[in-house]
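Here is the structure we will look at.
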Amino acid sequence: MKLKLTCKEAGRLISEGLDRKLSLPQRTALRLHLAICDACTRIHLQFQFLRRAASRYPGPERDGGES
């Protein structure tokens, strides 16, 4: 894994990181990229927000509502 990522590669790692734990080289490369790229940092924050919001939504099976 190279340490210098493109925004496309960073976006893929951001997405993959939602579903699984990234390897140490992947996490390191992503952190370095996020430190210098405002656009990818905003995307990362948006993904985190959506994940938190979705985890708090009870959904139809938990709130007794119908689909």
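The values are calculated or read from the model by the stated rules, or taken from the named source; none is laboratory data. Since the structure is predicted, the reported quantities are computational estimates derived from the model, not experimental observations. Every residue, glycine among them, receives a Cβ derived from its backbone with ideal geometry; neighbour counts consider all protein chains shown.
For segment 36-48, the set of residues classified as surrounded by fewer than 15 Cβ atoms within 10 Å (Cβ to Cβ) and in contact with a helix residue (DSSP H, G or I) (Cβ under 8 Å, 6 or more places away or on another chain) consists of A39 only.
Looking across segment 1-14, just one residue is loosely packed, with under 12 Cβ neighbours inside 10 Å and at pLDDT 95 or above, and that is K8.
Residues of segment 6-31 that are out of contact with any helix residue (DSSP H, G or I) (no Cβ under 9 Å at 6 or more places or on another chain), outside any helix (DSSP H, G or I) and closer than 21 Å to A53 by Cα: R20 alone.
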